[in-house]
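Any read-out appearing in this document is the output of simple, stated calculations on the displayed coordinates, not a laboratory observation. As the structure is a prediction and not an experimental result, all values here were calculated from the model. So basically every Cβ, Gly included, is an ideal-geometry build from the backbone, and we count neighbours across all protein chains shown.
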Amino acid sequence: MHLLIAADGSLSLQEVDNLKSFSIVESAPASAHGTAATALSGIGEPAEDNHYWLGADAVVALSSRKDDKEWVDAFWTMLEKVERYGFSDMAGKRVKAHVETNA
């Protein structure tokens, strides 16, 4: 699964059924229309080494399966499993992901 930042700065959640990975993908270089920081400012904040903390509820809201209880439960289970590795914060309802450029 990945959060796609389109060239116009809009966000969409892609590959929602892949609950084994999560990343942020910029569809164009940062200099094209805006940076990840600009696009993600409403749902997250920068972390170290080109990572961002994102509000997990905001990620769910971007999913085409946001109304599917089974999928939502599986998403939260994924976050529970990766918390021990530092990629989620269950108390803060956040998920951490790295930014990739798909230019």
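Things to note:
- Per residue, the chain reaches -6500 deg cm²/dmol at 222 nm when only DSSP H runs of four or more residues are counted, each adding -39500 (n - 2.57).
- Proximal lysines relative to LYS96, as straight alpha-carbon distance under 17 Å, when same-chain residues fewer than 8 apart are discounted: LYS20, LYS81
- Cβ-defined net charge surrounding ILE5, 11 Å radius [Lys, Arg +1; Asp, Glu -1]: -3
- 0 to 90° range, to nearest 10: angle between helix 69-82 axis and the chain longest Cα axis: 80 degrees
- Working from Cα pairs under 8 Å separated by at least six residues, relative contact order for the chain is 31 percent.
- Here the spin labels are modelled as points 7 Å beyond Cα on the Cα-Cβ line, and at LYS66 and SER21 they lie 2.6 nm apart.
- Length gained when the stretch SER10-GLU83 is fully extended (0.36 nm per residue, less Cα-Cα span): 23.5 nm
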